[in-house]
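Inspection log for the structure reproduced underneath, given as structure tokens.
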Amino acid sequence: MVANSLEVHPLKNNGVLYGAIQKGKHTFQEKQKGVLKTVGIAAFTHLWILENNIWKLKRVLSYDHKPYSE
């Protein structure tokens, strides 16, 4: 995960929390000659639903994939 990229937005129905949208940026690594190298970056959005006091990840989106550059 890219530092300081995470956002969480609660979802409520009549003031009752039932879920959350989580979004941010993440990176992808490859092992090259025994060394991990960051090669890509993308955005992500997750839909979390609260069911019976247990958080369940319902949808995962990963998009806007690009080569990584520092």
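All told, residue 50 falls short of being exposed (fewer than 10 other Cβ atoms within 10 Å of the Cβ), in a strand (DSSP E or B) and without any contact (Cβ under 8 Å) to a residue 40 or more places away in the chain.
Any residue at all in region 10-17 that is loosely packed, with under 10 Cβ neighbours inside 10 Å, out of contact with any His (no Cβ under 7 Å at 6 or more places or on another chain) and not in a strand (DSSP E or B)? Taking every residue of region 10-17 in turn, at least one turns out to be loosely packed, with under 10 Cβ neighbours inside 10 Å, out of contact with any His (no Cβ under 7 Å at 6 or more places or on another chain) and not in a strand (DSSP E or B).
No lab work stands behind these numbers, since they all come straight from the coordinates. Please read all numbers here as calculations on a predicted model, not as lab measurements. For neighbour counting, all protein chains shown are included, and Cβ atoms are generated from backbone atoms with ideal geometry for every residue, glycine included.
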